[in-house]
1. For B:97, A:79, B:69, what's the fewest-to-most ordering of other Cβ within 10 Å of each Cβ?
2. For chain B, modelled as a Gaussian network with Cα springs under 10 Å, which listed residue fluctuates most, B:138, B:44, B:115?
3. In nm, to one decimal, how far is the residue B:165 label point from the residue A:22 one, both placed 7 Å along Cα→Cβ?
4. Shielding by partners for A:51-64, please: the mean number of other protein chain Cβ atoms within 10 Å of each residue's Cβ.
5. If the elastic network links every pair of Cα atoms under 10 Å, which of B:199, B:49, B:178 fluctuates the most in the Gaussian network model of chain B?
6. Percent antiparallel among DSSP beta bridges with both residues in chain B, to the nearest 5?
7. For the residues B:72, B:9, B:212, A:70, what sequence is obtained by ranking on other C-beta atoms within 10 Å, fewest first?
8. Report the residue, chosen from B:31, B:113, B:14, that carries the largest GNM mean-square fluctuation when chain B is represented by alpha-carbon nodes joined by springs under 10 Å.
């Protein structure tokens, strides 16, 4: 998965720093250098490596944001994974 | 007396109930356990659900619990949850374990809990090898964590039907294959959330599980205090 993320133009950090953004999707948690980029850009870049659903709501530091939201260092972006529904695909 | 409602006695509910009943029985704290499901056990349920007799799921499981743990107060309500009966089924200060497979029922229950002063709603669901548990906690009319619908539009605007009014096609779809181990993982996470709440605080509003990856990820879900 790391190689897929690198190919998507996103660099990962080994640990959380003041310049990274924490990105969550389901069980996945990444520290990435994406400050200054929009939610839409991150969704596009991670869509394949993390299989992010196009319906997943973007939440930054606990609040729902628009796709054009500019990410800042130290923030946490979560794409909220859809609730389980008995084996049905998203 | 603590009122505990277990809604849905399918794969998750059947996995959750035995340890929950055992825990409550031996904890010795006063509580009443209410099992709610309008569905019936059939032979096709046997690969994932343990039951001693055919018949309504709530009644069959209530009888089993009463036999194994005499003295534990348990009752059955053989109904699906609907907007029409949810206020009778769930009262303020109840603890609700919700193990259903449709978003419409999740919305009915979550919306109702939003109107209560106090409630703990623990809802679990799964796909084949992954799943999630949501924990909605209200106290004194304030949300301590987010409702089931707040960050989940698929629950806020459900596209599926309630089992109470399921067509034949929907009933067939509801029989989509599931993995026993995933049901068990979700049930276990629901019980863990209940225990964390009992211990005085729960620090996450949702937890994701993936049994192939062998990982879980808790996520904070801040409530909107009123």
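Just so you know, all these numbers are worked out from the coordinates, no wet-lab data involved. Owing to the predicted nature of the structure, the values given are computational and were not obtained by experimental measurement. Note that we place each Cβ from the backbone using ideal geometry, even for glycine, and neighbour counts take in every protein chain shown.
1. The fewest-first ordering by Cβ neighbours comes to B:69, A:79, B:97.
2. B:44
3. Label at residue B:165, label at residue A:22, 4.2 nm between them.
4. Per residue, the number of nearby Cβ atoms from other chains is 3 on average.
5. Evaluated over chain B, the most mobile residue of the options is B:199.
6. Around 55 percent of the beta bridges assigned by DSSP in chain B are antiparallel ones.
7. B:212, A:70, B:72, B:9
8. Fluctuation is largest for B:31.
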